[in-house]
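The values are calculated or read from the model by the stated rules, or taken from the named source; none is laboratory data. Being a predicted model, the structure only gives us computed values, none of them experimental. For neighbour counting, all protein chains shown are included, and Cβ atoms are generated from backbone atoms with ideal geometry for every residue, glycine included. Ligands, DNA and RNA are excluded from the accessible area calculation, which covers all protein heavy atoms including side chains. Shrake-Rupley method; radii C 1.70, N 1.55, O 1.52, S 1.80 Å.
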Amino acid sequence: MKSVKEICIEGFEKNFVEKPDFYSYAPGRVNLIGEHTDYNGGFVLPCAIQFGTCMVARLNGTDKIRCLALDMENDFDEFEISRNIVKNDQKLWANYLRGVVYQFCERFEGKIRGLDIAIKGNVPKGSGLSSSASLEVCLGTLLKGAFNLEISPMDIALIGQKAEAYIGMKCGIMDQAISANGTADHAVRIDCKSYELTSVKVPEDALILIINSNVKHQLVGSEYNDRRESCEKAARVIGVPLLRDATMEMLEKVKPQLDDETFRRAKHVISENERVLLASEAFENGDLKTLSKLMYESHVSMRDDFEIVVTQTDTIVNLVKEALNADYAPARQTGGGFGGCVVAVVNSEDAKIVGQTVMARYHELTGLNAEIFVTRACAGAHFEKV
């Protein structure tokens, strides 16, 4: 089977009738624990996965970026290099790239030149495994390498975050940060207030299962922004800049001043931050039992307090629990919510049991077919000359 890189190079040569000079790659991510804490300045614990976005490119001698999306039936977009790049209302995928390029133009005026770019990815679409962040970081890494730009991986991540805002999504920094800064065999705890990165060793016997519910994950819309506004409202009432700075005791004191929905959403964020810190310790100690309890508590909090869990992902978590005959499933819905995937952390023996149970029962209960991907924690984005 051909690699994503090989397919990308072949697609470039066929469509641009030249050989590419540059290659960049950025992985997707799965968040092991810590949901909707990032834009609240809190903690998250993701890892980069073995699915991502590949780009190959060549200087084209013009003042234009010309992009070919091989995964989208060779859909094509072209735009001038400028600090005032407008969105393409017909092509959402292209706007992520436009948003990255215009910010590089602001920061490195006169240094960005025309490129022909072919793009190929294998992050399952609509799964919530951050194909958009992978796309943004991949392009940022390509521009850095092709033009020898002085920019850190975290600054590339921040540009990717701004590209999301350019499209209309006020997301946190986690997705882009882990794509740019992933570490092989480690999760990375990100302090989303200070941007401090802490590598957390994943036990050698632990496998990461990503179970796609095939309920399409889509976050550009009111659901995400509404929850972000609720968190900001709670922080204002408590009197802190971010919910990261609040405690459960502080939240309880202002409970009479908050509507029930806002209280519960703040409760999730504050308790989730604590779970991330405890989960980091459990990983380092190889304590999968404690990790299991924390992951399940996170899932329940997302379902009951933050209200972003759909029936299908809840069904998968319950099937994992059933398969292992356990009080707590080492599984939780992952990503921004409203569909997408469940992540489970299990040993190799339990992985087989979980896989068999989900594949046997999920369709019967939901009418949908699940997909299961197995990964280990991978390295982040990289660039090389072809």
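Annotations
- Summed over region 316-349, the residues that are more than 23 Å from GLY286 (Cα to Cα) and touching an Asp or Glu at 6+ places or on another chain (Cβ under 7 Å) give a count of 1.
- Restricting region 233-258 to residues that are free of Cβ contacts under 8 Å to residues at least 40 places away in the same chain and in a loop (DSSP other than H, G, I, E, B), the residue that is farthest from the chain's Cα centre (by Cα) is VAL254.
- Taking each residue of region 108-126 that is closer than 22 Å to GLY335 by Cβ and looking for partners that are of a type in the set (Val, Ile, Thr) and part of a loop (DSSP other than H, G, I, E, B) with beta-carbon atoms closer than 7 Å, six or more apart or interchain, yields nothing.
- Residues that are open to solvent by less than 20 Å² (accessible area, probe 1.4 Å) and farther than 18 Å from ALA57 by Cβ, drawn from region 133-162: ALA133, ALA157
- Residue, surrounded by the most Cβ atoms within 10 Å (Cβ to Cβ), within region 84-96, restricted to residues that are among the polar types (S, T, N, Q) and more than 23 Å from the chain's Cα centre (by Cα): ASN88
- Subset of region 65-81 [surrounded by 15 or more Cβ atoms within 10 Å (Cβ to Cβ) and not aliphatic (A, V, I, L, M)]: ARG66, CYS67, ASP71, ASP75, ASP77, PHE79
- Some residue of region 269-284 being more than 24 Å from MET359 (Cα to Cα), hydroxyl-bearing (Ser, Thr, Tyr), more than 23 Å from the chain's Cα centre (by Cα) and surrounded by fewer than 18 Cβ atoms within 10 Å (Cβ to Cβ): no
- Candidates GLY99, GLY52: the one that is of a type in the set (Gly, Ala, Ser), surrounded by 17 or more Cβ atoms within 10 Å (Cβ to Cβ), in a helix (DSSP H, G or I) and under 20 Å from the mean Cα position of the chain (by Cα) is GLY99.
- When region 302-319 is filtered for residues that are free of Cβ contacts under 8 Å to residues at least 40 places away in the same chain and open to solvent by less than 10 Å² (accessible area, probe 1.4 Å), only VAL317 remains.
- GLU229 vs. criteria assigned to a loop (DSSP other than H, G, I, E, B) and free of Cβ contacts under 8 Å to residues at least 24 places away in the same chain: no
- The lone exception for ALA329 - which of (1) under 27 Å from THR198 (Cα atoms); (2) touching a residue at least 60 places away in the same chain (Cβ under 8 Å); (3) open to solvent by less than 10 Å² (accessible area, probe 1.4 Å) it fails: (2)
- Among residues of region 261-288 that are touching a residue at least 24 places away in the same chain (Cβ under 8 Å), those with a beta-carbon under 6 Å from a residue that is of a type in the set (Asp, Glu) and surrounded by fewer than 24 Cβ atoms within 10 Å (Cβ to Cβ) at least six positions away or on a different chain give the pairs ARG264/ASP305; LYS267/ASP305; HIS268/ASP305.
- Residues that are in contact (Cβ under 8 Å) with a residue 60 or more places away in the chain and under 23 Å from VAL123 (Cβ atoms) within region 6-23 comprise ILE7, CYS8, ILE9, GLY11, PHE12, ASN15, PRO20, PHE22, TYR23, listed in sequence order.
- Boolean, LEU45 is part of a strand (DSSP E or B) and crowded, with 23+ Cβ neighbours inside 10 Å: yes
- SER230 being within 21 Å of the chain's Cα centre (by Cα) and open to solvent by less than 60 Å² (accessible area, probe 1.4 Å): no
- Residue within region 169-189 that is free of Cβ contacts under 8 Å to residues at least 12 places away in the same chain and open to solvent by 40 Å² or more (accessible area, probe 1.4 Å) present: no
- So MET295, is it part of a helix (DSSP H, G or I), closer than 24 Å to GLY168 by Cβ and open to solvent by less than 50 Å² (accessible area, probe 1.4 Å): no
- Taking the listed residues TYR39, TYR23, the one that is in a strand (DSSP E or B) and aromatic (Phe, Trp, Tyr) is TYR23, with no other qualifying.
- Condition check for SER222: within 23 Å of PHE306 (Cβ to Cβ), modelled with pLDDT of 95 or more, out of contact with any strand residue (DSSP E or B) (no Cβ under 9 Å at 6 or more places or on another chain) and of a type in the set (S, T, N, Q): no
- Among the residues of region 120-131, at least one is surrounded by 16 or more Cβ atoms within 10 Å (Cβ to Cβ), over 21 Å from TYR224 (Cβ atoms) and not polar (S, T, N, Q).
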